[in-house]
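The values are calculated or read from the model by the stated rules, or taken from the named source; none is laboratory data. For clarity, every value in this text was computed on a predicted model and none was experimentally measured. Glycine gets a Cβ as well: all are built from the backbone with ideal geometry, and neighbour counts include every protein chain shown.
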Amino acid sequence: MSDMDTAAATTDIADRVEAVLARTPTGLLIGGSWRDASDGGTFDVENPATGEVIATLASATRADAQAAMDAAAQAQERWARTSSRARSEILSRAFALVRERADDLALLMTLEMGKPLAEAAGEVKYGGEFLRWFAEEAVRDNGRYVDAPEGHLRMLVTRKPVGPCLLITPWNFPLAMATRKIAPAVAAGCTMVLKPARLTPLTAQYFAQIMIDAGLPPGVLNVVASASAASVSEPILADPRLRKISFTGSTPVGKDLMRSATDNVLRTSMELGGNGPLIVFEDADLDKAVSGAMAAKMRNMGEACTAANRLLVHEDVAEEFVDRLAERMRALKIGNGLEEGIAVGPVIEAKARDSMEAFVADAVERGARVVVGGRRVDGPGYFFEPTLLTDVPRDARAVTEEVFGPIAPVVTFRSEDEAVALANATEYGLASYVFTENISRGLRIGDRIEFGLLGLNVGVISNAAAPFGGVKQSGMGREGGAEGLAEYTTTQYIGVEDPWSDVPAAPGDDTV
Ligand code: NAD
């Protein structure tokens, strides 16, 4: 590009940024309208690539949270009686609007979260698919009407919406984590209060307006961003009209919320942290394994619960795998995700960048070798180099903890048993990946690995049609697929008197 072209592109993007921010609601959505916080309080949203404040939003108080809960409770009965076709059509319209406004949504996500624009566009596509999938599922959620085995009773089994739900989402996938909860809740006929992450609320605000534009009735979706998460969650969790909490975020916060959810015995869905292994066997196709590792580790700057946190590589192929991966990682361009050709954006905040430094220092102290990267990049913004570590001891923090950033530690193994033991040596159990050209071995690993998700020769497996979720301390419940809708429904059984009970039994009939 010439200097003049670059200047024109910069002005163009600056205009687009200004326009999208002007279109993004900054208030609280309660009962169908956007309003200020009851005490007039606000909080700032920063761009992690520059450290600049990009927006100021209303910060919900306890009273606002209570008002949102009231709105959800009031809207519940009528919403539950809406036909599934009507709910499905709202989701279909929302899906079309997400496609129409995809550029706005992608831009907002890059601005508030830092992921490169191309990845943000990918998330718009992925996040939108939940709307399409649950629009299709909404009208297929059938119950059954059958005879009791003894023949004296008919059994009517129906599925009803669970009721008002509290949805809490993290900052790393600002659109997809919201649509993965909102779409099935709408399909099932539940009302909601959504609390998006304080660091990335803009995408959720913008998306909530899409739901209103798609025809969602007032009170069905309420959105209460806040500088104080507990001010929102505490009064809502204490309200006896709440029926469910669905949370995506870190394991410690999830455990706290589970404790609070016991008082009212809430239905609980928890999508928590991960410490995913990516196993490369000696019989793997290394092209696939390296590409899979790049996708599973470097997507979203490594800030994904599905990230391959630990690369477990058979010692016979470790050297070649590391050489090839190093070449790919060195080629990644780091910078502001709004610029052309950027593959790695900033991490979310200064604290996250400092924690990357601490992970590397700890590993090196224990004997690891830095093959690529390893350092922070001077600001503005919070950047950390894509980092590849080898000879990493098994007790290094980068191996035992969820890194949530662009650091890939390589650990070697000698046998299948050892690989499985290493993979399972964590309290987490969300995503795992295996690379082998031996399909029996791949499926055997599926049996032995204690993870809710397994990618077999692929590095990205998330899909709206698939049941996504973890085991062990990675959580409970599933999002996406048919299972995703079941999380928002409850089963009711109605025993119906036998319509033939006053008709004399046929000779020889021994009905009880
Ligand atoms: P976090 O737990 O800090 O925050 C998640 C959400 O909870 C945010 O909205 C936050 O404001 C809110 N929150 C924090 N404290 C709260 C409290 N006391 N009461 C109520 N709400 C509270 O997590 P994060 O840093 O935003 O996200 C990163 C974590 O999320 C990682 O551990 C990652 O693995 C996990 N994650 C899991 C999945 C999954 O599907 N399993 C998906 C994405 C992220």
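Observations, loosely collected:
- All positions within region 75-131 that are touching a strand residue (DSSP E or B) at 6+ places or on another chain (Cβ under 8 Å) and closer than 28 Å to Glu52 by Cβ: Leu111, Glu112, Pro116
- Looking at region 1-109, the strands (runs of 3 or more DSSP E) lying wholly inside it that each contain 3 or more residues that are in contact with a Gly (Cβ under 9 Å, 6 or more places away or on another chain) and surrounded by fewer than 21 Cβ atoms within 10 Å (Cβ to Cβ) sit at 33-35.
- Of the residues making up region 234-274, those that are more than 28 Å from Ala308 (Cβ to Cβ) and within 10 Å of the ligand (Cβ to nearest atom) number 5.
- Within region 205-306, helices (runs of 4 or more DSSP H) holding 2 or more residues that are assigned by TED's automatic domain parsing to the domain that holds Thr82 and charged (D, E, K, R): 251-261
- Residue in region 433-445 that is within 15 Å of the ligand (Cβ to nearest atom), at pLDDT 95 or above and closer than 25 Å to Asn300 by Cβ present: no
- Evaluated against (1) assigned to a helix (DSSP H, G or I); (2) within 26 Å of Asn47 (Cα to Cα); (3) without any contact (Cβ under 8 Å) to a residue 40 or more places away in the chain; (4) away from the ligand (no atom under 16 Å from the Cβ), Glu319 falls short on exactly one condition, (2).
- Residues in region 133-170 that are assigned to a strand (DSSP E or B), more than 30 Å from Ser231 (Cα to Cα) and among the hydrophobic types (A, V, I, L, M, F, W, C) were compared, and the one that is farthest from the ligand (Cβ to nearest atom) is Leu153.
- Within region 325-347, one or more residues are in contact with a Phe, Trp or Tyr (Cβ under 6 Å, 6 or more places away or on another chain) and either without any contact (Cβ under 8 Å) to a residue 40 or more places away in the chain or outside any strand (DSSP E or B) (or both).
- Tabulated pairs, region 357-368, first within 14 Å of Glu401 (Cα to Cα), second assigned to a helix (DSSP H, G or I) and among the β-branched types (Val, Ile, Thr), C-beta under 9 angstrom, 6+ apart or interchain: Ala363/Val399
- The combined condition, being crowded, with 16+ Cβ neighbours inside 10 Å and of a type outside the set (D, E, K, R), is fulfilled by Ala293.
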